[in-house]
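First up is the structure itself, then whatever we jot down about it.
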Amino acid sequence: MIVILKKNPEKQKVDHLIESFKKLGLAIHYSEGTQTTIVGLVGDTSRVDMDAICANEIVETVKRISEPYKAANRRFHPQDTVVEVCGRKIGNGHFGVIAGPCSVESEEQIICVAQQIKKSGAQFLRGGAFKPRTSPYAFQGLEADGLKLLLEAKKATGLPVVTEIMSQTHIDLFADVDIIQVGARNMQNFQLLKELGHSDKPILLKRGLANTLEEFLMSAEYLMAGGNNNIILCERGIRTFETATRNTPDLTAIAMIKRQSHLPVIFDPSHATGIPWLVEPLSKAAIAIGADGLMIEVHNNPEAALCDGAQSLNFEQFDQVMDTVKQRVAVEKKVL
């Protein structure tokens, strides 16, 4: 349920109204915009007397939210959320590019990649330390040692680090990671989401391989229900009957989510297609349809990569993509 207040309500009366809701056992989400102030009520609102609330002199109107996701709902929070990490912003006109290899392989490799992507204009370094792989015999990442190497790359370049977590038992290991990624296979790992919800660490949540947008937003709701509002959503393609690409890019999801939710949405063209030459045109399309950022796989030697080398860009290709991204972001009047 959302309660829309009249313009410029007295603070004392607002506090009194909020306190009355808390006495009903409801969680409160307060959103004050330039034109509208909204009090969002989360919990069992069946006991709330809508007529009594409407009679309050500072209340404009009361509405029930039918969608199962509440905190992630744009009606709850009309203004776009901006996630800030180490002085860099994503959302509400701030565009971020996250780049790096699928997996951390060595100190020399990750620092080399970090230096090059920074030179090209990326603002965040991604790299897998813990790797979910379909085959149990495939390279699973350097794990805790990989995290240490990522932090060495951050020390060398200043780039904030983004890396994937696999289990709630690893949360303490991620204390110095700047953005924790929840991968597509863990999008509905609800126990992990609950634990991360109690953290104030920014979370990059990837859409599952075959999940609906409602399921995607409900996973974000798990994080927000625990109190963590620093959520970045990532569309990375879904599994369909088409085999020409690794997955099927769902660019409509970006526009749909931007309409339904206030959370920033980025796009991963590397996993969406698995084809390097498609990264540039899909990046342009994602920017045009409203994406708040991109996540791109880059490797110093894709042919020798231990993981997903076939879909990774080399430095020259990434530099070309970034030239295009800078032009398109400027056209959309966003800030890179």
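The GluC sites (Glu not before Pro) of region 213-285 that meet both conditions, a loop assignment by DSSP and at most 16 other Cβ atoms within 10 Å of the site Cβ, are Glu242. Here the chain is assigned +1 on the Cβ of each Lys and Arg and -1 on the Cβ of each Asp and Glu. Its dipole about the Cα centre then comes out at about 720 debye. Seen from all directions on average, region 46-149 presents a Cα convex hull projection of 12.1 nm².
Amide H contacts of Thr163: Ile179, Gln181, each under 5 Å away and 5 or more positions distant or on a separate chain (H built 1.01 Å from N in the peptide plane; Pro and chain starts excluded). Starting from a Cα-only point model with no solvent, please compute log10 I(q)/I(0) by Debye for region 54-102 at q = 0.13, 0.18, 0.27, 0.29 1/Å. With no solvent term, the Cα-only Debye profile gives -0.55, -0.79, -1.03, -1.08.
For region 190-287, the relative contact order works out to 25 percent when only alpha carbon pairs closer than 8 Å and six or more residues apart are counted. Sparsely packed loop sites in region 186-245 (the chymotrypsin sites (Phe, Trp or Tyr not before Pro) outside DSSP H, G, I, E and B with at most 16 other Cβ atoms within 10 Å) comprise Phe241.
For the chain, take the longest principal axis of its alpha carbons; what is the angle in degrees between that and the long axis of helix 279-289, to the nearest 10 within 0 to 90? Once rounded, the angle reads 10 degrees. A simple count of charges around Lys11, restricted to other residues whose Cβ falls under 15 Å of its Cβ and scoring Lys, Arg +1 and Asp, Glu -1, yields -2.
In the chain, Cα pairs under 8 Å separated by at least six residues give a relative contact order of 16 percent. Around Ile165, with a cut-off of 14 angstrom between Cβ atoms, what is the net charge of the other residues, counting Lys and Arg +1 and Asp and Glu -1? Net charge around Ile165: 0.
Computed over the chain, the per-residue total of -39500 (n - 2.57) for DSSP H runs of n ≥ 4 gives a 222 nm mean residue ellipticity of -9500 deg cm²/dmol, rounded to 500. GNM on the chain, C-alpha springs below 10 Å: top fluctuator among Lys70, Lys155, Lys11? Comparing Lys70, Lys155, Lys11 in a Gaussian network model of the chain, the most mobile one is Lys11. Expressed in units of 2.2 N^0.38 Å, where N is the residue count, the Cα radius of gyration of region 115-184 is 1.13.
Values in this text are rule-based calculations from the coordinates and carry no lab data. Keep in mind that this is a model prediction, so the values were computed, not measured. Counting neighbours? That spans all protein chains shown, and the Cβs are built from the backbone with ideal geometry, glycine included.
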